Amino acid sequence: MGAMNAGQRARHHALAAELKSGVQGILELPDGLAFKLPAASWFAAAEFVSLESLCCPFLRFRLELAEAGKEVLLSLTGPAGVREFLRAELGI
């Protein structure tokens, strides 16, 4: 809880809600999950990653521009159990 200040927590929460509402698909990876997002989500996803890495340093992040610039793929991976952790944390 102490990894972010109040302003960062509020921004993280807003970004998470924005990204979650734009998810166009979820891919299961062997060591995590990948989220398909609209291309316009690139900057929000990058900012989200910068904040999420503060509270979850065990996660690895990958941000890709896919489908000829039409979609963003945000992958969150990590050690054993991360996929289940993400599903529980994100309510999916």
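Could you compute how fast segment 1-49 diffuses translationally, taking Rh as the Kirkwood radius over C-alpha pairs and applying Stokes-Einstein at 20 °C with viscosity 1.002 mPa s? Give it in µm² per second. Walk me through the intermediate numbers first.
Numbers: Rh = 11.9 Å.
Answer from the Stokes-Einstein relation: 180 µm²/s.
Report the convex hull volume per residue for the chain, counting only C-alpha atoms, in Å³.
Numbers: hull volume 8.2 nm³, N = 92.
Per-residue hull volume (Cα only) is 89 Å³.
Hey, got the Cα dimensions of segment 33-79 along the principal axes, in Å, largest first?
Taking the Cα atoms of segment 33-79, the three principal extents are 30, 20, 10 Å.
Give the accessible surface of the chain per residue, rounded to a whole number of Å², with probe radius 1.4 Å and ligands, DNA and RNA excluded.
On a per-residue basis, 59 Å².
If you put +1 on each Lys and Arg Cβ and -1 on each Asp and Glu Cβ, how big is the dipole of the chain around its Cα centre, in Debye rounded to 20? Mind showing how you got there, number by number?
Working: 9 positive and 10 negative charges, 27 e Å.
Charge dipole, the chain, about its Cα centre: 140 debye, nearest 20.
Which of these, Ala44, Ala14, Ala80, has the largest mean-square fluctuation under a Gaussian network model of the chain (Cα springs below 10 Å)?
Fluctuation is largest for Ala80.
The values are calculated or read from the model by the stated rules, or taken from the named source; none is laboratory data. Since the structure is predicted, the reported quantities are computational estimates derived from the model, not experimental observations. Neighbour counts run over all protein chains shown; Cβ positions are idealised from the backbone, glycine included. In case anyone asks, the SASA skips ligands and DNA or RNA and just uses the protein heavy atoms, side chains included. Shrake-Rupley method; radii C 1.70, N 1.55, O 1.52, S 1.80 Å.
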